[in-house]
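Worksheet: one structure, shown below.
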Amino acid sequence: MSSEDLTRELGLLKESIDKAMGAAVSGYRCDVPLIREAMAYSAGGGKRLRGAIVLSTYASLGGDGDAMPFALAMEMVHAYSLVHDDLPCMDDDDMRRGRPTCHRKYGEAIGVLAGDALLTLAFETAASSDLPPYRVVEGIRALAYGAGAAGMVGGQVLDLQPGISTGGGPSVHRGSNGDDPADRVRLTYRLKTGRLFETAAKLGAILAGAPATTVARAGEAGMCFGFAFQIMDDIDDSVQGGSEDQKDTLVKRVSLDAARREAASALERSIRLAGPDWFLARLSKHYLATKLAADSPSASPS
Ligand code: GRG
């Protein structure tokens with residue numbers, strides 16, 4: 001399958017997610033139109049990669065029902081995280097998805113509340129799924145785990161305070177004792193970005209009723225993709241002249257070339273773990289070919 005085919009496939013998935021998201025958020029019944037407007041503003045746009053992974057993993061594993069409520073829930077959690085990540089107390093960003101960030105448009109308090117409301121709507125939406133109830137409950141549990149302290153929120157804390165202790169918990173980076181600065185960055189990436197991609201792939205498998213070994217394999221494939229995704233973001237930043245901030249990054253810790261090799265190897269592992277006909281495998285191949293190929297723009301020396 002060519003990169004053009006993958007782009008078309010993603011375009012179709014994005015279109016169906018965008019449409020369902022519009023109905024779910026703009027059509028949400030509440031007495032306060034302002035918060036609904038800020039939610040719809042923040043949930044609009046984006047590539048919809050996480051939602052697409054839910055839908056396509058579900059279909060690849062034989063799911064023949066409607067996994068859309070979970071694809072939407074995944075994208076709502078992701079949108080909330082971006083809204084909060086952009087706030088002045090975090091990354092303090094002015095632009096997101098090509099337009100002013102939520103707090104720049106609606107003010108900081110509404111920014112906080114729109115993120116809160118998207119997070120809670122995610123669980124309301126997932127719970128409305130008509131798939132078998134035990135799969136829905138397991139899916140909601142997986143989503144809460146991936147988004148919370150053991151996942152994205154934990155990663156965000158590490159990102160904001162790179163020096164704090166990482167002791168006392170299960171590390172998702174095998175072999176890391178938390179002392180090596182590059183390993184701490186890897187852990188941050190796995191938690192803050194990898195976990196949501198891991199969750200997306202796991203959700204597809206859980207909802208399709210796949211056996212536990214397949215759920216775990218899907219999750220690991222998603223984690224590898226998400227880890228590489230975050231490194232590729234670093235690489236882009238570094239090639240474009242580097243971010244102004246003092247953020248610790250893998251490129252800074254191990255060099256641009258080593259970071260590129262690490263991202264490529266994570267994508268290759270994702271391809272090996274995913275089924276050959278999975279969208280996740282095609283997506284990983286696409287990023288390998290377009291972002292990490294020797295002749296890609298970001299592969300030229302900075
Ligand atoms: C605030 C709890 C909390 C968490 C924030 C992942 C994260 C955690 C913040 C995002 C920071 C960031 C911009 C990282 C770069 C890589 C990345 C995850 C980009 C955004 O994902 P895309 O490219 O976004 O899939 P779109 O807009 O396409 O949905």
Completion exercise
Restricting to Cα pairs under 8 Å and 6 or more apart, the percent relative contact order of the range 73-138 works out to 37
Practice task
Bin all alpha-carbon pair distances of the chain at 10 Å intervals from 0 and give each bin's fraction as a whole percent.
Solution key: 6, 28, 37, 24, 5, 0
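Place a +1 charge on the Cβ of each Lys and Arg in the range 3-290 and a -1 charge on the Cβ of each Asp and Glu, then give the dipole magnitude about the Cα centre in debye, rounded to the nearest 20. Intermediate results must be reported in sequence, preceding the final value.
Working: 32 positive and 38 negative charges, 115 e Å.
Charge dipole of the range 3-290: 560 debye, to the nearest 20.
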Practice task
Rank these residues by their accessible area, most exposed first, probe 1.4 Å: S42, S26.
Solution key: S26, S42
Handout entry: Heavy-atom accessible area order for Y28, Y106, Y189, largest first, 1.4 Å probe
Key = Y28, Y106, Y189
Completion exercise
Beyond 21 Å (Cα-Cα) in this structure, taken from K19/K285; K47/K291; K47/K285; K202/K247; K202/K291, we find K19/K285; K202/K247; K202/K291
Completion exercise
Computed over the chain, the relative contact order (Cα-Cα under 8 Å, seq sep at least six) in percent reads 17
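The values are calculated or read from the model by the stated rules, or taken from the named source; none is laboratory data. Remember, predicted model here, so these are calculated numbers, not experimental data. All Cβ positions, even for glycine, are placed from backbone atoms using ideal geometry, and neighbour counts span all protein chains on display. Protein only, heavy atoms only, side chains kept; ligands, DNA and RNA dropped before computing areas. Shrake-Rupley method; radii C 1.70, N 1.55, O 1.52, S 1.80 Å.
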